[in-house]
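Could you have a look at this structure, given as structure tokens, before my questions?
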Amino acid sequence: MQGKPRFGIDAPTLVLGFAIGGPLLVVLGCTANRILPPALTGTMIATGAIMAAEAILMTLSSLYGKRILLRRMVDSLALRGDEQALDVGCGRGMLLLETAGHLPRGRTTGLDLWSTRDQSGNAAEATARNAELAGLRERVQIDTGDMRQLPYADASFDVIVSSLAIHNLPTETDREQAVREIARVLKPGGRLALLDFRHTAHYAQTLREAGLDVQRSWPLFLMFPWVWIVRGSKARP
Ligand SMILES: C[S@@+](CC[C@H](N)C(=O)[O-])C[C@H]1O[C@@H](n2cnc3c(N)ncnc32)[C@H](O)[C@@H]1O
């Protein structure tokens, strides 16, 4: 198999909407200034320009900013190389493969339910193909499942990571359930790092209630929207 892994674009419908709608609004605002009040055409032009800029920033974020931050996030875990790791909501595998690259004697499991609304071209086959292209297929297990009910026994993983996944759950109760599931399947002595662009204070709170020692980063501006990382560790009994 030849080629480079491709990880898709996050929230593709929104990005496409901004990429088409933004320039359209700017053109409409510019051409309608003889028939519409200047305040309205000015608002159309400004809104269109912001939407177009957001489409560009979100695309750059999916392709470049996220990769840099995820690499730093996995580096900061200082893995030994033989851990069992889980990537929750792995999508096409950018974080999954970054983690697997650090675990030559371990195993990295990616779990997802493959929503193409959340990531373009999202599918278990696409992730498997990326793992193959990265030369990491042997180290990676790809599972289909819902993060609100992780299909793993208690204390299964030394390390759990996640990127831009938990916020996709529709309610606070769902997100709390997923974070509690993450705490459940983490081994005593295990560590986690969860990156997301909203609700991270709530993830940190839920993890503290589950007994973990937790820190939340400052906002990180290499991605758009900017993100936070919640890091935690579970004490040994
Ligand atoms: C924006 S994508 C991010 C994918 C990947 N973590 C990354 O950063 O490239 C969000 C992912 O969360 C997954 N997801 C959404 N709801 C989920 C759920 N209930 N259980 C498992 N995965 C879910 C989506 O299918 C999608 O792959």
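Where a number appears in this text, it was derived from the coordinates with a stated rule and is not lab data. Keep in mind it's a predicted model, so treat the numbers as computed, not measured. Heads up, the Cβs are rebuilt from the backbone with ideal geometry, glycines too, and the neighbour counts pull from every protein chain shown.
Pairs, please: C-beta under 6 Å, at least 6 apart or cross-chain, first residue within 21 Å of residue 78 (Cβ to Cβ) and touching a residue at least 12 places away in the same chain (Cβ under 8 Å) and in the range 137-165, second of a type in the set (Gly, Ala, Ser) and within 9 Å of the ligand (Cβ to nearest atom)?
Qualifying pairs under 6 Å: 162/89.
In the range 1-31, which residues are within 16 Å of the chain's Cα centre (by Cα) and away from the ligand (no atom under 16 Å from the Cβ)?
Within the range 1-31, no residue meets the criteria.
When you scan the range 43-54, how many residues do you find that are surrounded by 15 or more Cβ atoms within 10 Å (Cβ to Cβ), away from the ligand (no atom under 16 Å from the Cβ) and not hydroxyl-bearing (Ser, Thr, Tyr)?
The number of residues fulfilling the criteria is 6.
Quick check on my filter: what residues within the range 159-191 are charged (D, E, K, R) and in a helix (DSSP H, G or I)?
172, 174, 175, 176, 180, 181, 184
I'm checking my understanding of the structure. Among residues of the range 74-93 that are surrounded by fewer than 24 Cβ atoms within 10 Å (Cβ to Cβ) and of a type in the set (A, V, I, L, M), which one is nearest to residue 11 (Cα to Cα)?
In this case the residue turns out to be 74.
Quick check on residue 117: is it surrounded by 15 or more Cβ atoms within 10 Å (Cβ to Cβ), outside any strand (DSSP E or B) and within 16 Å of the ligand (Cβ to nearest atom)?
Criteria not met by residue 117.
Next up: Restricting the search to the range 103-114, which residues are more than 15 Å from the chain's Cα centre (by Cα) and either surrounded by 20 or more Cβ atoms within 10 Å (Cβ to Cβ) or part of a strand (DSSP E or B) (or both)?
103, 107, 108, 109
I'd like to check something: does the range 18-27 contain any residue that is surrounded by fewer than 15 Cβ atoms within 10 Å (Cβ to Cβ) and part of a loop (DSSP other than H, G, I, E, B)?
Checking the range 18-27: not a single residue is surrounded by fewer than 15 Cβ atoms within 10 Å (Cβ to Cβ) and part of a loop (DSSP other than H, G, I, E, B).
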